[in-house]
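Here's the structure, in structure tokens; my notes come after.
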């Protein structure tokens, strides 16, 4: 699990560096692509202990192409560190506690971080605060 965490951390750092290197495009081409964007509706659930206790269940509508981190920040109280969500709605792991917010997309464990995933129509996203083992 630690190797996976290290790999995800390295991926997130790389993504932040690449995102910082991009420049904003202007002109007609950028405005045309913004006008063509559609809205998508998705469901986000927050739970604890692998779904034992549901904390929130929200249907959210956002612009197509919106990244999950932005969706979460606009709809929930989010704490993050190095691109990882470390707290939702004030729930974070205590010092030394082996718990974290894990998330699935349409029932599958996400292979990318919330700051990388672009939400899609009908996504079922579950963030669960659970124990992890090393």
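Report yes if some residue within the range 51-59 is surrounded by 15 or more Cβ atoms within 10 Å (Cβ to Cβ), modelled with pLDDT of 95 or more, assigned to a strand (DSSP E or B) and under 11 Å from the mean Cα position of the chain (by Cα); otherwise report no. No: zero hits.
Condition check: over 16 Å from residue 54 (Cα atoms), free of Cβ contacts under 8 Å to residues at least 12 places away in the same chain and outside any strand (DSSP E or B). Does residue 133 satisfy that? No; evaluated as a whole, the condition is false for this residue. Scanning the range 112-129 for residues that are within 18 Å of residue 51 (Cα to Cα) and crowded, with 16+ Cβ neighbours inside 10 Å gives 123, 125, 126, 127, 128, 129.
Go over the candidates 114, 100, 93 one by one and state the one that is in contact with a strand residue (DSSP E or B) (Cβ under 6 Å, 6 or more places away or on another chain) and farther than 19 Å from residue 60 by Cβ. None of the others qualify; the one that does is 93.
The values are calculated or read from the model by the stated rules, or taken from the named source; none is laboratory data. Fair warning: this is a prediction, and the values are worked out from it, not measured in the lab. No Cβ is skipped: glycine too gets one built from the backbone with ideal geometry, and neighbour counts run over all protein chains shown.
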